[in-house]
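Chemist: Can you keep this structure in mind? I'll have questions shortly.
The values are calculated or read from the model by the stated rules, or taken from the named source; none is laboratory data. These numbers come from a predicted model, not from an experiment. Neighbour counts run over all protein chains shown; Cβ positions are idealised from the backbone, glycine included.
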Amino acid sequence: MGFPENMVAKALKENPEGNVDLILEYLLASTAPGISSQEQQNDDSGSLSSDSEGSLYEEFTDIESSESETSLDYVSEDIKKLKPLVEMGYSMDEASTAHERCGPDATLEELADFICAAQLAKEQDVLLGPLPEMKPRSLADLKKRKLSASGACGRKVQRRSQKDPLTEEEENIRLPNPMIGFGVPNESHSIVHRRLPEVAAGPPYFYFENVALAPKGVWDTISRFLYEIEPEFVDSKYFCAAARKRGYVHNLPINNRFPLLPLPPQTIHEALPLTKRWWPSWDTRTKFNCLMTSFGSAKLTERIWKALEPYSGGVPPLSVQKYVIEECRKWNLVWVGRNKVAPLEPDEVEMLLGFPRNHTRGGGINRTDRYKSLGNSFQVDTVAYHLSVLKELYPKGMNVLSLFSGIGGAEVALHRLGIRLNNVVSIEISEVNRNIMRSWWEQTNQKGTLVDIEDVQEVDEARLGQLMDAFGGFDLVIGGSPCNNLTGNNRYTRDGLEGKESSLFFEYFRILESVMSRCRC
């Protein structure tokens, strides 16, 4: 990777446990502009985040300088476009993937944003936490059970394709650019009609969200299981001051959507006006990157301060600017003083995600848990825009089955739309998240009934039948979450839909299939 041998030896000495991520972080930090090796030796933080499970940095392709300067000049035009990304420090694999997924017309900034988002996506952990006793269902096992239930009335449900998971060459679904789905507020381009398979027509309606930057073939498989409906890919930067690239498979109507009012702040300075005073002209960010489950450490912000302090009287060199901007983009750092940056506070993240102030505060919930719960939640304004079509359809309120609902992003979105929550069954394994949801339910004086269930495996056919008989069925089945097994840049536990956490998608499918069958009998 080009690091000096003596520096690698020091990194190994500082990290005797041999953690590759921490060693790489040490080496990268050691080469940061304005930081002496002695200062770095005194930095014993080890990691950039208090709760990060892995470094954002991935293994880089070893490209010799002679190759990057010479051979790239004699290859195809597509490869030539990757050269600036390689020179910026990204690997050839990352640059090639970004170019392929974003398309040939993507700008350099868009390609860099894609790579950065993919790196950040690795930090996203599954919304409902670990399931140590849950055995992941294999794709083959789920396919055997797929659509097997015909319902009490004996009506057969149309079967979908039974072919094996798609290989990279067979993938059909591509990420669009721009990522605006069927349309977003204040954009002229929109689609108001689409054709759904007859078997998928609502009600009941369903809505499933997951990270857009998933391995190849994953979204094709999700779509195939969910009635061959293609995902609607949307980046929340069109709704708020932070990017959040997600895909949504749903059978909701798409005409007559409307946004939540008042519209949320659209830029960083609109959202956090006090930071504008200290914001340097060379930091041209107007939007945050995806809000993560972790945050930049005090040691990181100290290193940035030390890198900038020698140039307090003027503009720092481009090398220093590049280092600072990269760290600020990765960790969504904001300027809070002269040469001083800081991570977003939990209440600021709440605001950016559309939650009410102090939604995750209190009840013995610590700061780290707040970041984790928020980082794995819906972006409320985006989801509410999609769900807004239900307000006219259900003037007397709705019954909602919320799977892996986390801190209640779906429920908050429906409430803010003015849709009454008659009955909500919330399945969420995290006690922290269940407490947050229960607290919000009580504080907003909901008149309906909230039933929370800890483990999705408790919801078998009998239990689901009891719930549906008690409430008269469900109008909406909503769920999904960012999942570590699905993030496109996660090379450590990138298990796709057969990973421990991502296999919960099949639980969503299992329950949805049962609800659809029962409601149509």
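Chemist: Residues in region 472-493: is at least one modelled with pLDDT of 85 or more, over 22 Å from the mean Cα position of the chain (by Cα), over 28 Å from E100 (Cα atoms) and surrounded by fewer than 22 Cβ atoms within 10 Å (Cβ to Cβ)?
Modeler: Yes, region 472-493 contains a residue that is modelled with pLDDT of 85 or more, over 22 Å from the mean Cα position of the chain (by Cα), over 28 Å from E100 (Cα atoms) and surrounded by fewer than 22 Cβ atoms within 10 Å (Cβ to Cβ).
Chemist: Let me ask something else about it. Assigned to a loop (DSSP other than H, G, I, E, B) and over 20 Å from I325 (Cβ atoms): which single residue out of F233, F258 fits that description?
Modeler: The unique qualifying residue is F258.
Chemist: So, one more: Does P259 qualify as being surrounded by fewer than 20 Cβ atoms within 10 Å (Cβ to Cβ), under 20 Å from G418 (Cβ atoms) and in contact with a helix residue (DSSP H, G or I) (Cβ under 6 Å, 6 or more places away or on another chain)? Full working, then the answer.
Modeler: Values: surrounded by fewer than 20 Cβ atoms within 10 Å (Cβ to Cβ): yes; under 20 Å from G418 (Cβ atoms): yes; in contact with a helix residue (DSSP H, G or I) (Cβ under 6 Å, 6 or more places away or on another chain): yes.
Answer is yes for this residue.
Chemist: So W441 clears everything in (1) in contact (Cβ under 8 Å) with a residue 40 or more places away in the chain; (2) within 22 Å of M468 (Cα to Cα); (3) in contact with a Leu (Cβ under 6 Å, 6 or more places away or on another chain) except one condition, right? Which one?
Modeler: (1)
Chemist: Something else: Just to be sure, is V324 part of a helix (DSSP H, G or I) and in the same structural domain as S281 (by TED's automatic domain parsing)? Spell out how you get there, then give the answer.
Modeler: Values: part of a helix (DSSP H, G or I): yes; in the same structural domain as S281 (by TED's automatic domain parsing): yes.
Against the criterion (part of a helix (DSSP H, G or I) and in the same structural domain as S281 (by TED's automatic domain parsing)), V324 qualifies.
Chemist: Conditions: (1) surrounded by fewer than 21 Cβ atoms within 10 Å (Cβ to Cβ); (2) assigned to a loop (DSSP other than H, G, I, E, B); (3) in contact (Cβ under 8 Å) with a residue 24 or more places away in the chain; (4) hydroxyl-bearing (S, T, Y). Y227 meets all but one. Number of the miss?
Modeler: Checking Y227 against (1) surrounded by fewer than 21 Cβ atoms within 10 Å (Cβ to Cβ); (2) assigned to a loop (DSSP other than H, G, I, E, B); (3) in contact (Cβ under 8 Å) with a residue 24 or more places away in the chain; (4) hydroxyl-bearing (S, T, Y), the one that fails is (1).
Chemist: Sticking with this one: Would you check if there is a residue in region 229-245 being touching a Phe, Trp or Tyr at 6+ places or on another chain (Cβ under 6 Å), under 28 Å from I511 (Cβ atoms) and among the hydrophobic types (A, V, I, L, M, F, W, C)?
Modeler: No, there is no match, as no residue in region 229-245 is touching a Phe, Trp or Tyr at 6+ places or on another chain (Cβ under 6 Å), under 28 Å from I511 (Cβ atoms) and among the hydrophobic types (A, V, I, L, M, F, W, C).
Chemist: Continuing with this model, one more query. Taking region 194-216 only, how many residues are out of contact with any Gly (no Cβ under 7 Å at 6 or more places or on another chain), in contact (Cβ under 8 Å) with a residue 40 or more places away in the chain, in a loop (DSSP other than H, G, I, E, B) and farther than 30 Å from L263 by Cα?
Modeler: Result for region 194-216: 3.
Chemist: So which residues in region 15-31 are surrounded by fewer than 17 Cβ atoms within 10 Å (Cβ to Cβ) and either polar (S, T, N, Q) or modelled with pLDDT of 70 or more (or both), if there are any at all?
Modeler: Matches in region 15-31: P16, G18, N19, V20, T31.
Chemist: For region 359-400, enumerate the residues that are part of a strand (DSSP E or B) and touching a Leu at 6+ places or on another chain (Cβ under 7 Å).
Modeler: Residues satisfying the conditions are M398, V400.
Chemist: If you take the residues in region 312-321 that are surrounded by 15 or more Cβ atoms within 10 Å (Cβ to Cβ) and in a helix (DSSP H, G or I), which one is nearest to the chain's Cα centre (by Cα)?
Modeler: Filtering region 312-321 for residues that are surrounded by 15 or more Cβ atoms within 10 Å (Cβ to Cβ) and in a helix (DSSP H, G or I), the one nearest to the chain's Cα centre (by Cα) comes out as Q321.
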